[in-house]
Amino acid sequence: MTLLATPPLSLYVHFPWCVRKCPYCDFNSYTLQGELEERRYVEALARDLEAQAADVGGREVVSVFFGGGTPSLFSPLGIERVIAAARRHLTLAADVEVTMEANPGAIERGKFGEYRAAGLTRVSLGAQSFDPRRLEVLGRIHSPDETRRAAEELHAAGLDNFNLDLMYALPGQDVDGAVSDLKEALALEPAHLSHYQLTIEAGTVFAGKPPSLPDDDVAAGMLTECLLRLTAAGFEQYEVSAYARPGRRCRHNLNYWSFGDYLGVGAGAHGKLSFTAPGAIVRTLQLREPRRYLASIPAVVTRSPVAKSELPFEFMLNALRLVEGFDKALFGARTGLEWDVIAAKVEPLVHRGLLVQTGTRLQPSPQGLMFLNELLLTFVTSADSESPKMAGAF
């Protein structure tokens, strides 16, 4: 093993409450019961930031992501106070990207200008679909018109660098329906689009009572047709489910996918930190249940070193999502391992056409992106290895 290079650092802040939990969601989120405890939670986040600041030793934070749950349930003043606490305890880059996830059904009209004044530079809007029937099946609380109005307000507030989350292969959806959703989304002129397939996750309502989904061939047809239209509209696919206009890629998620570091604060937030000693990569986890998190003074953070044997899979889990792939040197810099430890696994994947090697660069082929799960299993070292949850990642 070699000494680790210090990767870029991001900050992820988790807001655990929603108006209603969606039946497909397996994130750490809870239906809001009673009044939102905004003041207490913001104070707890500030304590959390202060407690963890020593772990990053003044390193510059390149991006901040407010995820959930539904962060847009919190007022612009609450968000501003969290950003102020981050500036107090951490070193934020002069051009730091600050993103907030927002639900069109949990935004009061006229607020986006105030969120921008609070320090946001980017918003990720959870549209999911523009078909009222699909939204109802998905348990969403907003209407298509609310998404349209939210997009108008984002443009009016000068937050035109916004992302739209859009799902496909929904219950009862056909190819025409998926294409129609995409056309509606493009009409709102987002700078970025996350276009991902609905999957059934363990522990969700849909897992207990699965809906009837389009078969694999139909889902593949949806993706093909939508990709053609995204490309024609000037969007570039840079990750397996992310598309952006030139210069509008999501810096925060790019840091995840490049196996960068991130400090995780808030109930159930995950983090990943690298230290210069060989093999010193640590994953952090906060208390999941909001009431326990609020009661913990100081914040209770579980720190677990990542075993050397797990590092190849953890790196590939992220880096192989990128259409452009990665340079071999990045593997060593971010894991502290020599390339030789995975060379024997990579070679057959190149032979099979799942990976493409150009000089020192490795990237998934179009077929590799399509069968990404199979490709990643090559790097799993034990039957009980589990993919880490990355709160905030699409």
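The values are calculated or read from the model by the stated rules, or taken from the named source; none is laboratory data. All values derive from a computational prediction rather than experimental measurement. Here the Cβ is made from the backbone with ideal geometry for all residues, glycine too, and neighbour counts use every protein chain on show. When the accessible area is computed, the model is the full protein with side chains, heavy atoms only, and any ligands, DNA or RNA have been set aside. Shrake-Rupley method; radii C 1.70, N 1.55, O 1.52, S 1.80 Å.
General remarks:
- Largest GNM mean-square fluctuation across L376, L45, L182, computed for the chain with C-alpha springs under 10 Å, falls on L376.
- Portion, in percent, of the accessible area of the chain that falls on carbon or sulfur, probe 1.4 Å: 52 percent
- Only beta bridges with both residues in the chain are counted; by DSSP, about 40 percent of them are antiparallel.
- Using the 1.4 Å probe convention, the accessible area of segment 54-114 works out to 38 Å² per residue with neighbouring protein chains retained.
- Within the full protein context, the accessible area of V64 is estimated at about 10 Å² for a probe radius of 1.4 Å.
- FRET E, pair R245, R288, Förster distance 30 Å, beta-carbon r, rounded to 0.05: 0.25
- Principal axis dimensions, largest first and in whole angstrom, of segment 79-127 by Cα: 33, 17, 14
- Taking the square roots of 5 times each eigenvalue of the Cα gyration tensor of the chain, largest first, gives ellipsoid semi-axes of 30, 29, 20 Å.
- Accessible area expressed per residue, segment 172-212, with surrounding protein chains retained (probe 1.4 Å, Å²): 49 Å²
- Of the residues W17, W339, W257, the one with the largest accessible area comes first in the ranking W339, W17, W257, computed with a 1.4 Å probe on protein heavy atoms.
- Per residue, segment 237-284 exposes 25 Å² of accessible surface when a 1.4 Å probe is rolled over the protein heavy atoms with every protein chain present.
- Sites E152 and R229 - FRET efficiency at Förster radius 25 Å, r taken between beta-carbons, to 0.05: 0.70
- Note on surface exposure: H270, H155, H351 rank H351, H155, H270 by accessible area, highest first, 1.4 Å probe.
- Filter on K21/K328; K209/K308; K111/K272; K111/K183 - keep pairs with C-alpha separation over 30 Å: K21/K328; K209/K308; K111/K272
- Pairwise label distance in nanometres, V356 with S180, each label 7 Å out on the Cα-Cβ vector: 3.5 nm
- In order along segment 336-342, the Karplus-derived 3J(HN,Hα) couplings, from 6.51 cos²θ - 1.76 cosθ + 1.60 at θ = phi - 60°, round to x, 9, 7, 4, 4, 5, 10 Hz, and Gly and Pro are given as x.
- Amide H to amide H, with H built 1.01 Å from N, L11 comes under 5 Å of S63, V64, F65, L263, counting only residues 5 or more places away or on other chains.
- Note, ³J(HN,Hα) from phi for segment 242-253, Karplus 6.51, -1.76, 1.60, rounded to Hz, x at Gly and Pro: 10, 9, 9, 6, x, x, 10, 5, 7, 4, 4, 6
- Charges were assigned to the Cβ only: +1 to each Lys and Arg, -1 to each Asp and Glu. The resulting dipole of segment 95-210 about its Cα centre is roughly 240 debye.
- Taking 15 Å as the cut-off, the amide N atoms of segment 49-77 that come nearer than this to a point 7 Å along the Cα-to-beta-carbon line of R87 belong to 61, 64, 77.
- FRET E, pair L377, S212, Förster distance 22 Å, beta-carbon r, rounded to 0.05: 0.20
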